[in-house]
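Beneath this line is the structure, given in structure tokens, with notes to follow.
We did not get these values from a lab; they are worked out from the coordinates using the rules stated. Please read these numbers as outputs of a predicted model, since none were measured by experiment. So basically every Cβ, Gly included, is an ideal-geometry build from the backbone, and we count neighbours across all protein chains shown.
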Amino acid sequence: MKLSSKSLLAAITLPVLLTACQSNGESMELTATDFQHHNWELVQIDGQDINLDSKEVAPRLEIGENMTANGNAGCNNFFGQAELKNNQLRIDKMGMTMKMCPDAAMEVEQAMSKTLMEWSDVTLTKDQMILTNGIHTLTFNLRDWVN
């Protein structure tokens with residue numbers, strides 16, 4: 001089969017045009033599938049790295065089947081139902097254990113839990129999720145388990 005020069009030009013330029021449409025700042029609609037079955041570790045709050053001592057567990061958010069959410073907010077464990085609407089995420093009816101922890105862990109927990117309970121804009125890449133709202137910006141790295 002022989003391609004004409006017009007067909008060859010179309011075959012070459014189509015992938016370039018499609019890539020340009022995806023990278024020109026237009027955001028694609030996120031779906032539950034983009035979040036389910038992933039474990040996210042909180043690494044920054046408002047651009048500041050999370051500093052943990054050797055006894056502390058990194059705050060994390062796991063989103064499972066049917067958008068069930070659970071994790072550790074820095075001190076206490078939490079659970080709830082993640083919701084996704086218009087590229088915004090929140091955890092509805094979030095429940096949490098109620099133990100006291102050192103001040104630094106409690107500050108991380110308050111920032112994380114307040115942000116997760118409110119609608120936040122989501123930026124999602126291959127390895128990172130950023131939640132931003134009027135309260136805080138939370139940066140998570142993907143930390144899926146390897147079996």
- request: Please check which bits of region 107-132 a label hung off Asn141 would reach, taking the label as a point 7 Å along Cα-to-C-beta and the cut-off as backbone N under 12 Å.
  value: 127-129
query: What residues qualify as long-range amide H neighbours of Gly74, i.e. H under 5 Å apart, gap of 5 or more or another chain, H built at 1.01 Å from N?
result: Arg60
- line: For 85-95, 113-123, ranked highest to lowest by mean beta-carbon neighbours within 10 Å, the order is 113-123, 85-95
message: When a/c reaches 1.5 or more, the comparison of a/b and b/c decides; with that in mind, is region 99-147 rounded, prolate or oblate per its Cα gyration tensor?
response: oblate
Magnitude of the charge dipole, region 32-142, Cβ model with Lys/Arg +1 and Asp/Glu -1, debye to 20: 240
